[in-house]
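First up is the structure itself, then whatever we jot down about it.
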4 protein chains.
Amino acid sequence: MLVVMQQGATEAQIQRIIDRLIEDGFDVHRSTGAIHTVLGGVGGGDQFDTAVVEVMDGVKEVHRIVSPYKLASRAFRPQGTVVSIKGVEIGGSQVVVMAGPCSVENRDQIERSADIVADAGAKVIRGGAFKPRSSPYSFQGLGEEGLKMMREAADRRGLLVISEVMDSLQIPLLSAYSDILQIGARNMQNYNLLRDLGRIRKPVLLKRGIAATIEELLLSAEYILSGGNYEVMLCERGIRTFETYTRNTFDVSAVPVIKKLSHLPIIADPSHGTGRRDMVPPMARAAVAAGADGLLMEVHHDPDHALSDGAQSMYPEPYAELMQQLRMIATAVGRSI
Amino acid sequence: MLVVMQQGATEAQIQRIIDRLIEDGFDVHRSTGAIHTVLGGVGGGDQFDTAVVEVMDGVKEVHRIVSPYKLASRAFRPQGTVVSIKGVEIGGSQVVVMAGPCSVENRDQIERSADIVADAGAKVIRGGAFKPRSSPYSFQGLGEEGLKMMREAADRRGLLVISEVMDSLQIPLLSAYSDILQIGARNMQNYNLLRDLGRIRKPVLLKRGIAATIEELLLSAEYILSGGNYEVMLCERGIRTFETYTRNTFDVSAVPVIKKLSHLPIIADPSHGTGRRDMVPPMARAAVAAGADGLLMEVHHDPDHALSDGAQSMYPEPYAELMQQLRMIATAVGRSI
Amino acid sequence: MLVVMQQGATEAQIQRIIDRLIEDGFDVHRSTGAIHTVLGGVGGGDQFDTAVVEVMDGVKEVHRIVSPYKLASRAFRPQGTVVSIKGVEIGGSQVVVMAGPCSVENRDQIERSADIVADAGAKVIRGGAFKPRSSPYSFQGLGEEGLKMMREAADRRGLLVISEVMDSLQIPLLSAYSDILQIGARNMQNYNLLRDLGRIRKPVLLKRGIAATIEELLLSAEYILSGGNYEVMLCERGIRTFETYTRNTFDVSAVPVIKKLSHLPIIADPSHGTGRRDMVPPMARAAVAAGADGLLMEVHHDPDHALSDGAQSMYPEPYAELMQQLRMIATAVGRSI
Amino acid sequence: MLVVMQQGATEAQIQRIIDRLIEDGFDVHRSTGAIHTVLGGVGGGDQFDTAVVEVMDGVKEVHRIVSPYKLASRAFRPQGTVVSIKGVEIGGSQVVVMAGPCSVENRDQIERSADIVADAGAKVIRGGAFKPRSSPYSFQGLGEEGLKMMREAADRRGLLVISEVMDSLQIPLLSAYSDILQIGARNMQNYNLLRDLGRIRKPVLLKRGIAATIEELLLSAEYILSGGNYEVMLCERGIRTFETYTRNTFDVSAVPVIKKLSHLPIIADPSHGTGRRDMVPPMARAAVAAGADGLLMEVHHDPDHALSDGAQSMYPEPYAELMQQLRMIATAVGRSI
C-alpha cells in the first residue's frame, strides 16, 4: 500500500498514519519528497480496508499494490485455464456455443430446442428451471420437472446442460441435473452463495453484475476459487449506462481485458447484453472476433410465444445462419467452432 | 399500451401487431396519422412484456401507460403513509434519525453506541449481525448473540432496532429482535425474499440498488406491498456513476422524486451514499433539506478500530453537532427532529 | 405527441393541456380510458419542447412520436448512403480503414506514416494539425504546415486525408487540404459549427460525444444534413461509464443500432474507444464483425515517442497483422477491405 | 509518479521503464519488494502522460502523485477565495443567489424579471443573449440588443449580470455588458476558450460538463487560473447517469467535495441539474444545506410561454417562498442570504 500525504501534511499527521499501519501489521517505509511524503506499507493483511487510511487527516490518496485477487489473476496460471467437461473444452482452441430457451416450458419445447441447438453446432443447452420474476403472477419455472426434461433432451443429442442456481439450497438439485451451474448477475456478490460454490467440485459460470467493474467480477471469482473450486468461467452480459436503446450496454471490451487480467475462460451473452433479438447476431460476431471463449444465447422455436424473454430470443433460422458466420470469424482469430 | 408504427409500416405488419395484442387479451384501437399509425392497447395483462412487441417488424416504439406499480404509487394513498412503531412515526412531521455502528462487535461497543445515538436524539439504533464480506477472512458478524446485545442496549435507552435480513431463512430470527427489517441494496431485486417479506407483518426498509432506477425501486416495493405488508420504507443510498471521488453518487434528488411518485416514506443513507465520513454531515443536511423522512447513518465510538465500514463511520462529537444543524434545517422545511 | 394524464387528473387540468397544445398549433384528440386520459397532439411544431407539458399539473408522461430526426433516419434513404470520394466508397461493400498518427509531427514522421498505412491496405490517412491540449505547455500541433505535409504524403501514396476541424474559422483551411472533415466528440453539440458544416459541400465525419446517446448523435447529424450537406459519416469512439480499466467503454452495439436507425455510414474508432494500444486489435475486429463501414485507428512508427496519444497508438507490425485478420472477418460478414 | 511492476516482471522490462522515465527528465528510485517492484519517478514534467508507461510491458499500474492541478487546489489558498464584484462577495459568508430567465426575450420580460429576482433577495440576474439551439428553427437569442436590455434592467435594480459566452470572439461583447462570464457545460473542455478567459480580468463561472469528473472540472479551472485570471467560480449542474426521471443527476455531493479539494467558490444550478421546475426548490435547499456558496436558478414571469427552458423555470411565487426557506437553511449552516 502506498499512502501519499497532502502537500503540507504535518509531522503529527504523518506519524498517526504510520502508527495506524504498524498497528495492522505493516512495515512502513517513509519517503520524503519535495512536495509530498509517501509512505509505503509492506506486509499487513490483504484484507486491510484502505478507505480507513484514506479518510485520515493529511492523506491525499492511497493506492493498494498487491492485487486484491490472486487466484483469479493471469499470473497465477499464465497459460490459461481450460475447463473440460465430458470432452468439451472451454477456454481452449474451440469457441463453445451454449444456446437454448430462457426457460424450460414443457417437454416438446425443450426437445425441439435440443434439436435446433445441436443441429447448428452448439455443445451446451441452456434453460432455466426457476424464474424469479418481477411479478408474482408471471411464469415461475417448472422446477425439478423442467431440469429432468432438459437433461433427457440434452442426453439424447449429446449436449451438456447449463442452468442457473438461485441460492445455496438449490446447489444439490442443480448439480444432479446440470453440467455447469450458472450464477446470475444479481447474485454476483452474494458471498454466501459464492462460498458454497467454492466447496463443490462442479464447473461454475459467473455472470458480471450490471453495475460491476471487471475488477469486482474477478474478486467474486476469487471467492469461489479460494474455496478450492477451480472450474470457474466468467460471463459478460451487459452493464448499465445512460444509453437506453439497448437494455444494457454490452461491454465487448471486457472480453480482451479479462483475457489479459485473468486465466479464466470468458463467455459472452449477447442476448442479455442487448435485450433485443435483432442485435444478437452482430454482437455475437463481435464477441467472437474480440476473443471470447464461448457464447451464451437465447434461441426459441417460437419466440413470439416464449413464456419469458421472448424479445431477446432468436428464431431458429437466423441462429443457424449466425453459426455459419461465427465459424468464419473463429477461423480469422485462429480458433474453431 | 401505445404502439407507434414506423413511417411506411405495411398493412401486414400492422395487422400482425393487432393480432398479437388481441391474442394477449388487449382491445386494440387504431389511429392512422399522416406519418405514423398508432395502436392503443387497452386491457390485457399488466405483466405483458412490451419488449415482445418492440422487436416486431414495423414497430418504432412502445409506451406502457398503466403504471407498472399501483400500490406503491402516490395515487394509491395521496395523503402519504406513516409507519408507526411503538410511538415513533416515520413519514409524518418528524424526521427520524437511525444511527449506530456498521456491525455489532461486542457488548461494550453496542452499549456505548446506544448512549451516543440516543443522547443526540436518534430514535432508532442500527447495527448488523450478519456481515457477508468480500473476503472469507473478514469479520462475519456476531449473529444472534449480536442481535440480543443490540436489543438489550436499545431497550435500556428506549430505542427502536433496525437490522439487515440477508435471506428468507433469517426472517424469523431478525423479526424476533428487530423492529425494522432492512433489505440491502444487493437484495433489492431478490424476488423470493421480497415475496416472503410481503407475507409478514413487520416494517421493512428497502434500499435502492446501486444500478436501480427509481421506478425499479418502486416495483420492488410493489412486490412487498402486493403480499399485504404495507409498512414499507424506501432508502436512497447512492448509485454508481463515472465519478469516483465518492464511493457512490448519493442521488439526493431521488428524495423529492420518490415523495412525488409514491406515498411511502423515504429515508436517506449518506454513509453508504458517499462512503466517506467527511461527506456525511453535508449530505445528511442536504437530504433533510430535500425532504427526507429520515436518515440512516453510521456512527462508532472509535471508527478507526471499527471491524467494518470504519471509513464512513462518524465520530461521536461531529455526529452530535450534526444533529443540532439537522434540527434547524428540519424546522426550515416545516418538520422537527 | 401523446400526453398521458395521471390517474385522477381533473377536467380542469386536462383542459389546460388541451389549450396549451392548441396554442402551439396542435390538433388534439382525446381518448378517455378507464384509468388514464390520453391526449394525442397532431401537427404543431417538431421543435415543440415536450418538457413544457411534462411538468404541467396532472400529467403523467409525454411521448413524442414524430422522430426528432428525419433526414438522418433510415426511412429517408432505406438503401443506405454511400459517400464516394475520389473512387473510395464509404458505406458500400468495402470496409474502409483510416489510419495514421494522432498528430502530424514532422515531414519524416508523416511520410513514414503514409507508407505504413498504405502498405497495409488503408485508404485514408489521419493526422491532427491543431491539438488543443489539456495543458498550455503541451504540443499544440503544426497547423497549416502540418496539413501541407500530410497532403503531400497522402498524394504520393494515393491516400485520402481526414483531419479535425476545431471551429468554424478553420473550415476553409481544412477544406483546402483534407478530403474529410472530422468533428471531435467535444464538438458534437457545437451547433454553430454544425450549421456551418451544413453549408459546405465536403464530407464530414461526426464523432459521438462521450455522454451522448445514439439519438443525440443522430440529432446532431440532422443539423448538418438539414443545411444541405448530405455527405455525413458517424463515428463511435467510446462512452463514459463506471468501468475504468479502459478509458472509455467502446459501445460496439452502437454500430448495428445506427445501421438500423440511420442510412448514414458508421465508422468505429477503437483507439479512442479504449485508450489502450493492446485493446485496439480485438476491438477493431469486433467493430468489423458487428458491421462497421470503416475503422479509424491511430498508428505511429514509434509510439513510445509520439508527441500525443502514444499509449493508444499501434506499432506498425501489429497494425499490419490486424489488417490481415480484418480481411477475413470482413469476408465473414459479406464485405471486403 | 509511482510505477508498480507486475509480479514476475523481468529485469529487462524494469530497465526499459527506468530508461523511458530518465529520458523524460525523471529521477528514478527503485524499491524491490517481495512481490512487486515499485519505481518512483521524481521531477519530470507535470504534463507527462502516464498512459504511455501504463501500456508498456510488465507494468501493473501507474499512479501520478503530484496533483495535475495546483492553482485550483485548496492547498494553494487554504482560506478560500472570495470573488468580490461591486460589493457582492461570492465565496464568503453570504450565499449569493443568481436568478432570472433562460434567455432575454424582450424589454418587458427582462424588466419584470429584474423586479421578481431583486424583490426576493437575489444579487445577480441571469439571462442568455445567444442560444445555440438544437434546432435551426428555434429562437436563437437577441444578441447584443438583449444584453443591453438586461444591463439596464439590472442597473435599475442594483443587480449584477451573469451571461454565457459561447466562444472567444464573444468575450469582448460579453465583458462590456456582463459582470460574470458564464462558461457552459459543453465548453468546459474548450481549451482555446479557457486560455482566452485566462487572459482577461473578469470573473468567470465555469460549469461542470455532464460527463466530467470533479477532477476534470478542477483541471479546466487550472487552465484559466494559469493564465492569471484568479476570479473563477465553479458550478455543479448535473451529470449524466442511468436514471432518467430527472434530466440529469444533480450531484449535490460535488459541493462539499469541491469545497474540500479547491479554494474556489462553488455555485449550484438546480434548474439544469434536474430539468424540472418541481424539483428545483428541494434541490436548491439541498445545495445550500450542503455548503454551496451560491445558487443559479431559472425564474420566469410566465414559464408556460418562455421561449426556452420553460419546463425548468420557476414561477415567481414559489421562487419567493423558496428564498425564505433558503434563508433559514443558510442560518443553520452558519451563513446568510
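Calculate, in nm to one decimal, what A:Ser84 and A:Thr32 gain on full extension: separation in residues at 0.36 nm each, minus their alpha carbon distance. Before the final figure, lay out the partial values.
On the way: separation 52, 0.36 × 52 = 18.72 nm, distance 5.27 nm.
Taking 0.36 nm per residue and subtracting the Cα distance, the gain is 13.5 nm.
Quote the FRET efficiency, to the nearest 0.05, computed for B:Arg156 versus B:Arg201 with a Förster distance R0 of 25 Å and r equal to the Cβ-Cβ distance.
Details: r = 26 Å, r/R0 = 1.05.
With R0 = 25 Å, the Cβ-Cβ based efficiency is 0.45.
Using the Kirkwood radius over Cα pairs, work out the Stokes-Einstein diffusion coefficient for chain C at 37 °C and 0.692 mPa s, in µm²/s as a whole number.
153
Hey, what angle do you get for helix A:214-225 against the long axis of chain A, alpha-carbon based, 0 to 90 degrees rounded to 10?
Orientation of helix A:214-225: about 80 degrees from the principal axis.
What is the fewest-to-most order of D:Arg77, A:Arg237, D:Arg335 by other Cβ atoms lying within 10 Å of their Cβ?
Values: D:Arg77 14, A:Arg237 23, D:Arg335 17.
The most exposed by this proxy come first: D:Arg77, D:Arg335, A:Arg237.
Would you mind giving the three semi-axes, in whole Å and largest first, of the ellipsoid equivalent to region B:185-265 according to its Cα gyration tensor? Intermediate values should be presented prior to the final figure.
Details: eigenvalues 112, 37, 17 Å².
Values for region B:185-265, descending: 24, 14, 9 Å.
Taking every pair of distinct Cα atoms and averaging 1/r, then inverting, what Kirkwood hydrodynamic radius in Å comes out for the protein assembly as shown? Provide the component values of the computation, followed by the final result.
Details: mean 1/r = 0.0307 Å⁻¹.
It works out to 32.5 Å.
Mind putting a number on the dipole of the protein assembly as shown about its Cα centre? Charges go on the C-beta only, +1 for Lys and Arg and -1 for Asp and Glu, and I need it in Debye to the nearest 20. Let's see the in-between values first.
Numbers: 144 positive and 160 negative charges, 1 e Å.
For the protein assembly as shown, the charge dipole is close to 0 debye.
Using the Kirkwood formula on the Cα atoms of region B:222-329, what hydrodynamic radius do you get, in angstrom to one decimal? All intermediate terms of the calculation are to be shown ahead of the outcome.
Values: mean 1/r = 0.0684 Å⁻¹.
Answer for region B:222-329: a Kirkwood hydrodynamic radius of 14.6 Å.
If region C:2-63 were replaced by its equivalent ellipsoid, with semi-axes equal to the square roots of 5 times the Cα gyration tensor eigenvalues, what would those be, largest first, whole Å? Numbers along the way, then the final one.
Working: eigenvalues 64, 26, 21 Å².
Square roots of five times the eigenvalues give 18, 11, 10 Å.
Amide H of C:Met314: which non-local residues (sequence gap of 5 or more, or other chain) have their own amide H closer than 5 Å, using H built in the peptide plane?
Those qualifying (amide H under 5 Å, at least 5 residues apart or on another chain) are C:Glu298, C:Val299, C:His300.
For a test of the definition: using alpha carbon positions, the gyration tensor, and the 1.5 limit on a/c, classify region D:88-200 as rounded, prolate or oblate. Can you show the working numbers first?
Values: a/c = 1.85, a/b = 1.19, b/c = 1.56.
It comes out oblate by the Cα gyration axes.
Return the average number of partner chain Cβ atoms within 10 angstrom of each residue Cβ along peptide D:167-175. Let's see the in-between values first.
Details: counts 6, 2, 3, 0, 0, 0, 0, 0, 0.
Per residue, the number of nearby Cβ atoms from other chains is 1 on average.
Can you give the FRET efficiency for A:Ser93 and D:Asp57, using 1/(1 + (r/R0)^6), R0 = 25 Å, r = Cβ-Cβ distance, to the nearest 0.05?
Numbers: r = 25 Å, r/R0 = 1.01.
Plugging the Cβ-Cβ distance into 1/(1 + (r/R0)^6) gives 0.50.
Could you tell me which of rounded, prolate or oblate describes region C:137-280, using a ≥ b ≥ c as the square roots of the eigenvalues of the alpha-carbon gyration tensor, with rounded for a/c under 1.5 and, failing that, prolate when a/b is larger than b/c and oblate otherwise?
Values: a/c = 1.67, a/b = 1.19, b/c = 1.40.
Taking the square roots of the gyration eigenvalues as a ≥ b ≥ c, region C:137-280 is oblate.
Mind sorting D:Val288, A:Val55, D:Val124, C:Val53 by how few other Cβ atoms lie within 10 Å of their own Cβ, fewest first? Write down the numbers at each step before the final one.
Working: D:Val288 31, A:Val55 19, D:Val124 26, C:Val53 23.
Taking fewest neighbouring Cβ atoms as first place, the list is A:Val55, C:Val53, D:Val124, D:Val288.
Counting Lys and Arg as +1 and Asp and Glu as -1, each charge on the Cβ, what is the dipole of region B:2-63 about the Cα centre in debye, to the nearest 20? If you can, show how the numbers build up before the last one.
On the way: 4 positive and 10 negative charges, 49 e Å.
Dipole magnitude for region B:2-63 comes out near 240 debye.
Report relative contact order for chain D in percent, whole number only (criteria: Cα-Cα under 8 Å, sequence separation at least 6). Intermediate values should be presented prior to the final figure.
Values: 710 pairs, mean separation 53.9, N = 337.
Reported relative contact order: 16 percent.
Calculate for the protein assembly as shown the 222 nm mean residue ellipticity that helices alone would give, adding -39,500 (n - 2.57) per DSSP H run of length 4 or more and normalising by residue count, nearest 500 deg cm²/dmol. Please report the intermediate quantities before stating the final value.
Working: 44 runs with 449 residues, N = 1348.
Mean residue ellipticity at 222 nm (helix-derived): -10000 deg cm²/dmol.
Within region C:124-270, how many Lys pairs that are eight or more residues apart, or on different chains, come under 29 Å at the alpha-carbon?
9
Assigning unit charges at the beta carbon (Lys, Arg +1; Asp, Glu -1) and nothing else, what dipole magnitude in debye, to the nearest 20, does chain C show about its Cα centre? Show your work: numbers first, answer last.
Working: 36 positive and 40 negative charges, 111 e Å.
That gives chain C a dipole magnitude of about 540 debye.
Give the calculated FRET efficiency between B:Thr10 and D:Thr50 to the nearest 0.05, with a Förster radius of 56 Å applied to their Cβ-Cβ distance.
0.50
What is the mean number of Cβ atoms from other protein chains located within 10 Å of the Cβ atom of each residue in peptide B:254-260, rounded to a whole number?
Values: counts 4, 4, 11, 8, 1, 1, 5.
Counting other chains' Cβ atoms within 10 Å and averaging over B:254-260 gives 5.
Roughly how far apart, in whole Å, are the Cα centres of region D:56-107 and region C:248-299?
Result: 36 Å between the Cα centres.
Could you grab the relative contact order for region A:183-337? Cα pairs under 8 Å, six or more apart, rounded to a whole percent.
Values: 287 pairs, mean separation 24.5, N = 155.
Reported relative contact order: 16 percent.
Only the coordinates and a few stated rules stand behind these numbers; no lab work does. Note that the structure is predicted; figures quoted are calculated from it, not measured. Reconstructed Cβ throughout: ideal geometry from the backbone, glycine too, with neighbour counts over all protein chains shown.
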